[in-house]
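J.: Take this structure, written in structure tokens, and hold onto it; I'll ask about it next.
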Amino acid sequence: MSRTRAITIAAVVAALMPIALGSPYVLHIAIVTGFYVILAQSLNLVLGYGGLLSLATPAFFGIGAYAAAILALRFGWDGTATLAVAALAGVATGIAIGFPSLRVSRHSFVIVTLSATLLLQLVANNWEDVTRGSLGLANIPAPRLLGVPVEGRTGWYLLSLAAAAAVVLVTHRVVGSRFGRALVAARDNEQLALAAGIDVFRTRLFAFALSGASAALAGALYAYFITYIDPGVFGFSVSETLLIMVILGGSGTLWGPVAGAVVFTALPELLRIAPEVRSLLYGIILLLIVLYRPAGLATWLGGRRSVAQAPPA
Amino acid sequence: MLTDPVFLAQLAANGVAVGLGYALAALGLALLFGILGQVNFAHGELYMLAAFALYWATQRLGLPYGAAAALTVALMAGAGAALAQVVIVPNLDRGFEPVILGTLAVAVILQNAVRLTFGATPLDVAAPFEGVTVDVGGVLLFGQRLAVCAAFVVAYAGLAAFLRFTAIGRAMRAMSQSRDACVMVGIDVRRVTRWTGALGAALAGLAGVAIAPLFDLYPNMGTEVVFKSFAVVIIGGMGNLAGSALAGLALGLAESFAGGLGSAVLRDGIGFAAMIVMLLLRPQGLFGRSVRV
């Protein structure tokens, strides 16, 4: 009890630190960290708990960002409705990508999720009437949530923190539910799960839809915060960063990806690394995990199936 | 205009030329899946690397195009063997996720290393057939496109002969059927894996040196190619070399007619649409060849 309380107090103090420090730069990083926590948790649900190597997270993120930008700029929608519709667009995208990809073998699942993301990037680049192509959409107005305008970095930080906390809480509840146990069972042994009467396809589709909703929410918040988006939001570098955050943080755990998101958003900023160098380093880190932590990776990703196939030491 | 036979013939000619380019680009990917059952997500980056190596060999070393192309393909074979040794060999018995993640990591490393080395400004590499145009009854055939078609024919025939007539080729075909049986009869599966990686990368390299002169060189040029190659390989039946060659040809023709009679977006999206339709209609059949008992 006292230990739980200590952790809770430490978490609250840590969460309020950026405000106490008062530096706009620190707050900016903290806001972006919140978005990454949501995205990492979105991937964690599918990859960590579902055991599905999905590369579609940037698709959900990008759909959310474009939905928010278009609704706010073209139709002048208010923030609450926009965020809700953006999240619903994420659900729809999750189902649209999940439906064909979850029916095929696990190789083509990876390919289809990547291709779907690239296709959406292609659409964003070419459907110039709506997306303005590679010019992107600029001057996205600040949102009003339930009538309250979101202003200043402190306001944005509180919103980002609340959204991240809500997503972590929902993930916690979902994973502990009957649905979450079915998802993990299907990850650990698909045949056994099917034999036990679990509708594996529907369970995974639901996980995909939920993952789509949270990543799209992060995309909508990102679009509002940065006030400018372009087709780069669908970029593969988002997937790369998220894979590092989730796998190094500990995929299939609740707090691992949160820690991963905090560390891998803050670290490159603190070290002031250029984006190309950061991507290069992330690539090297990912390669090193695959080469030197393969047992851990197999446990995280494949569960029993991989362990059963492992060669005798 | 739309029913003008010369225009339609031109679209068909363009489609065949572009389609054989897709088939060439996808050949190495299909080979790796067919023999090893592994997806190489760095395939597009190998293509990109070959294009930049060609630029380096022609511009910096001052080699003529032919010599530079041969040097590039040889270097790519070495790079492919190294990639197979580092990423695929240690993970042969660990399912496919480690290889997917490992090749994704290599793709990211190559892309950013090239960006840091050559910069993000598009580069151009010249080839001897670039300016040549052949007029066949009003239908224009472009020299470099014909060179791509020739490269595909040579690569496909060479690969088929290699798989049929060499010891290592026969070992590769044996491995596509059963790795366990290969181990039992004393085939060095690691060596076969390195050879497969080398051949796959050499094919990506050949595609790079043949196709790159047609476009600008930039560090993420491989993404588009790998996107098309995945579509081709999935439509053609993964690991099925003849299938992906035909699918590449079909995709090139479909894109050419979609672009000529429809729009550019339709042209770029048609491959993905075909892939999705294929997956919905034949979700299991496509990978049937690769399932090991």
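The values are calculated or read from the model by the stated rules, or taken from the named source; none is laboratory data. From a predicted model like this one, the values you see are computed outputs, not experimental measurements. For neighbour counting, all protein chains shown are included, and Cβ atoms are generated from backbone atoms with ideal geometry for every residue, glycine included.
One line per residue, one yes/no per condition, for (1) within 14 Å of chain B (Cβ to nearest Cβ); (2) surrounded by 19 or more Cβ atoms within 10 Å (Cβ to Cβ); (3) more than 21 Å from A:Gln41 (Cα to Cα); (4) under 17 Å from the mean Cα position of the chain (by Cα):
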residue	(1), (2), (3), (4)
A:Gly79	no, yes, yes, no
A:Leu83	no, yes, no, yes
A:Ala92	no, no, no, yes
A:Ser101	yes, yes, no, no
A:Val110	yes, yes, no, yes
A:Ala124	yes, yes, yes, no
A:Val130	yes, no, yes, no
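J.: Here's a follow-up. Limited to the stretch B:156-172, what total is found for residues that are surrounded by fewer than 14 Cβ atoms within 10 Å (Cβ to Cβ) and farther than 19 Å from B:Leu24 by Cβ?
T.: Here the count works out to 4.
J.: Might you let me know whether the stretch B:56-66 holds any residue that is surrounded by 24 or more Cβ atoms within 10 Å (Cβ to Cβ) and either touching a residue at least 60 places away in the same chain (Cβ under 8 Å) or hydrophobic (A, V, I, L, M, F, W, C) (or both)?
T.: The answer is no; no qualifying residue exists.
J.: Now a separate question. How many of the residues making up the stretch B:62-98 are outside any helix (DSSP H, G or I) and within 14 Å of another protein chain (Cβ to nearest Cβ)?
T.: Qualifying residue count for the region: 5.
J.: Has the stretch B:99-110 got at least one residue that is in a helix (DSSP H, G or I), surrounded by 19 or more Cβ atoms within 10 Å (Cβ to Cβ), of a type outside the set (A, V, I, L, M, F, W, C) and out of contact with any Gly (no Cβ under 7 Å at 6 or more places or on another chain)?
T.: Checked the stretch B:99-110: at least one residue is in a helix (DSSP H, G or I), surrounded by 19 or more Cβ atoms within 10 Å (Cβ to Cβ), of a type outside the set (A, V, I, L, M, F, W, C) and out of contact with any Gly (no Cβ under 7 Å at 6 or more places or on another chain).
J.: Moving to a separate point now. Being surrounded by fewer than 15 Cβ atoms within 10 Å (Cβ to Cβ) and under 25 Å from A:Arg173 (Cβ atoms), is that true of even one residue in the stretch A:24-47?
T.: no
J.: Now, a different point. Since A:Leu169 meets every condition but one in (1) assigned to a helix (DSSP H, G or I); (2) in contact (Cβ under 8 Å) with a residue 24 or more places away in the chain, which condition does it not meet?
T.: The number of the failed condition is (2).
J.: Still on this structure, I have one more. Residue check: is A:Ala96 more than 10 Å from every other protein chain (Cβ to nearest Cβ) and modelled with pLDDT of 90 or more?
T.: Taking the combined requirement at face value, the residue does not satisfy it.
J.: Related question: For the stretch B:19-61, which positions are outside any helix (DSSP H, G or I) and away from every other protein chain (no Cβ under 14 Å)?
T.: B:Leu61
J.: Of all residues being away from every other protein chain (no Cβ under 14 Å) and surrounded by fewer than 20 Cβ atoms within 10 Å (Cβ to Cβ) in the stretch A:263-284, which is farthest from A:Ala14 (Cα to Cα)? Just the residue, please.
T.: Filtering the stretch A:263-284 for residues that are away from every other protein chain (no Cβ under 14 Å) and surrounded by fewer than 20 Cβ atoms within 10 Å (Cβ to Cβ), the one farthest from A:Ala14 (Cα to Cα) comes out as A:Arg272.
J.: Is it true that B:Val125 is in contact (Cβ under 8 Å) with a residue 12 or more places away in the chain, away from chain A (no Cβ under 14 Å) and within 20 Å of B:Ala50 (Cβ to Cβ)?
T.: For B:Val125, the condition - in contact (Cβ under 8 Å) with a residue 12 or more places away in the chain, away from chain A (no Cβ under 14 Å) and within 20 Å of B:Ala50 (Cβ to Cβ) - is met.
J.: For B:Gly138, all conditions in the list (1) more than 14 Å from chain A (Cβ to nearest Cβ); (2) under 25 Å from B:Phe41 (Cα atoms); (3) of a type in the set (Gly, Ala, Ser) hold save one; what is the number of the exception?
T.: If we test B:Gly138 against (1) more than 14 Å from chain A (Cβ to nearest Cβ); (2) under 25 Å from B:Phe41 (Cα atoms); (3) of a type in the set (Gly, Ala, Ser), just (2) comes out false.
J.: Here is a further query. Taking B:Asp135 as the residue in question, decide whether it is surrounded by fewer than 20 Cβ atoms within 10 Å (Cβ to Cβ), of a type in the set (D, E, K, R) and part of a loop (DSSP other than H, G, I, E, B).
T.: It is false that B:Asp135 is surrounded by fewer than 20 Cβ atoms within 10 Å (Cβ to Cβ), of a type in the set (D, E, K, R) and part of a loop (DSSP other than H, G, I, E, B).
J.: Can you confirm whether the stretch A:271-292 contains a residue that is at pLDDT below 85, of a type outside the set (Phe, Trp, Tyr) and within 27 Å of A:Ile7 (Cβ to Cβ)?
T.: Taking every residue of the stretch A:271-292 in turn, none turns out to be at pLDDT below 85, of a type outside the set (Phe, Trp, Tyr) and within 27 Å of A:Ile7 (Cβ to Cβ).
J.: While we're looking at this one, here's another question. Here are some residues: B:Ala82, B:Ala68, B:Ala77. Which one is farther than 23 Å from B:Ala127 by Cβ, modelled with pLDDT of 90 or more and in contact with a helix residue (DSSP H, G or I) (Cβ under 9 Å, 6 or more places away or on another chain)?
T.: From the options B:Ala82, B:Ala68, B:Ala77, the qualifying one is B:Ala82.
J.: Quick check on the stretch A:49-58. Is at least one of its residues of a type in the set (Gly, Ala, Ser) and assigned to a helix (DSSP H, G or I)?
T.: no
J.: Quick one: B:Val114 ticks every box in (1) facing another protein chain (nearest Cβ under 7 Å); (2) over 19 Å from the mean Cα position of the chain (by Cα); (3) under 19 Å from A:Ser279 (Cα atoms) except a single one, so which number is it?
T.: Going through (1) facing another protein chain (nearest Cβ under 7 Å); (2) over 19 Å from the mean Cα position of the chain (by Cα); (3) under 19 Å from A:Ser279 (Cα atoms) one by one, B:Val114 breaks only (1).
J.: Just checking, does the stretch A:214-237 include any residue being surrounded by 22 or more Cβ atoms within 10 Å (Cβ to Cβ), within 14 Å of chain B (Cβ to nearest Cβ) and among the β-branched types (Val, Ile, Thr)?
T.: No: zero hits.
Matching residues to (1) more than 14 Å from every other protein chain (Cβ to nearest Cβ); (2) at positive phi; (3) over 10 Å from the mean Cα position of the chain (by Cα):
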| site | (1), (2), (3) |
| --- | --- |
| B:Gly200 | yes, no, no |
| B:Ile211 | yes, no, yes |
| B:Pro219 | no, no, yes |
| B:Phe227 | no, no, yes |
| B:Val233 | no, no, no |
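J.: Continuing with this model, one more query. Have a look at A:Val175, A:Val123, A:Val167, A:Val110 and point out the one that is of a type in the set (Val, Ile, Thr) and modelled with pLDDT under 85.
T.: A:Val123
J.: Condition first: in contact with a Gly (Cβ under 8 Å, 6 or more places away or on another chain) and either free of Cβ contacts under 8 Å to residues at least 12 places away in the same chain or of a type in the set (Asp, Glu) (or both). Now tell me which residues in the stretch A:123-138 satisfy that.
T.: Of everything in the stretch A:123-138, those that are in contact with a Gly (Cβ under 8 Å, 6 or more places away or on another chain) and either free of Cβ contacts under 8 Å to residues at least 12 places away in the same chain or of a type in the set (Asp, Glu) (or both) turn out to be A:Val123, A:Asn126, A:Trp127.
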